[in-house]
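First up is the structure itself, then whatever we jot down about it.
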């Protein structure tokens, strides 16, 4: 069985906060188990996709979005090339046995943001732990925008001049 290594990783969140987590940084994948018959590794991108999908499953979440100019360019490129956007707006830190995630979401106007954030956090933790066996130590959520369903309905109606 693999021994657990811990280091200190410092990251900047989308809100500009500096976080320190006791995780061993993993470049592209993390060792989950080492048994007598082999080891299992899970790519960080897989964990990020699980996080993005789990957040979108919650009522009140309109979308998961990236922030900044780089995210805008990446989002446009993904839409043009029909790329996979499930992990867009998500960053993860994955160690040998633990994971932490940061996610940026757009919430539907009128819902309770604390309740939606709590539901998103619980669902992400449940999904990641059930699917990967990793222990989720933190889920940071940034609500970066509001979605107004009435605006979309107004755009769909033809204007009479």
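The values are calculated or read from the model by the stated rules, or taken from the named source; none is laboratory data. This is a predicted model, so every value here is computed, not measured. A quick note on method: Cβ atoms are made from the backbone with ideal geometry, for glycine too, and the neighbour counts reach across all protein chains shown.
Within the stretch 46-74, restricting attention to residues that are at pLDDT 90 or above and surrounded by fewer than 16 Cβ atoms within 10 Å (Cβ to Cβ), which residue is nearest to residue 113 (Cα to Cα)?
Result: 59.
Spot the failing condition for residue 19; the list is (1) surrounded by fewer than 19 Cβ atoms within 10 Å (Cβ to Cβ); (2) at pLDDT 50 or above; (3) more than 24 Å from residue 151 (Cα to Cα), and only one is missed.
(2)
Return the only residue of 143, 160 being at pLDDT below 95 and either assigned to a loop (DSSP other than H, G, I, E, B) or under 19 Å from residue 64 (Cβ atoms) (or both).
Result: 160 is the single residue among 143, 160 that is at pLDDT below 95 and either assigned to a loop (DSSP other than H, G, I, E, B) or under 19 Å from residue 64 (Cβ atoms) (or both).
Condition first: out of contact with any helix residue (DSSP H, G or I) (no Cβ under 6 Å at 6 or more places or on another chain), within 22 Å of residue 43 (Cβ to Cβ), modelled with pLDDT under 90 and surrounded by 12 or more Cβ atoms within 10 Å (Cβ to Cβ). Can you find one or more residues in the stretch 96-116 that meet it?
yes
Tally up the residues in the stretch 92-128 that are closer than 16 Å to residue 53 by Cα, in contact with a strand residue (DSSP E or B) (Cβ under 8 Å, 6 or more places away or on another chain) and either outside any strand (DSSP E or B) or without any contact (Cβ under 8 Å) to a residue 12 or more places away in the chain (or both), please.
Of the residues in the stretch 92-128, 7 are closer than 16 Å to residue 53 by Cα, in contact with a strand residue (DSSP E or B) (Cβ under 8 Å, 6 or more places away or on another chain) and either outside any strand (DSSP E or B) or without any contact (Cβ under 8 Å) to a residue 12 or more places away in the chain (or both).
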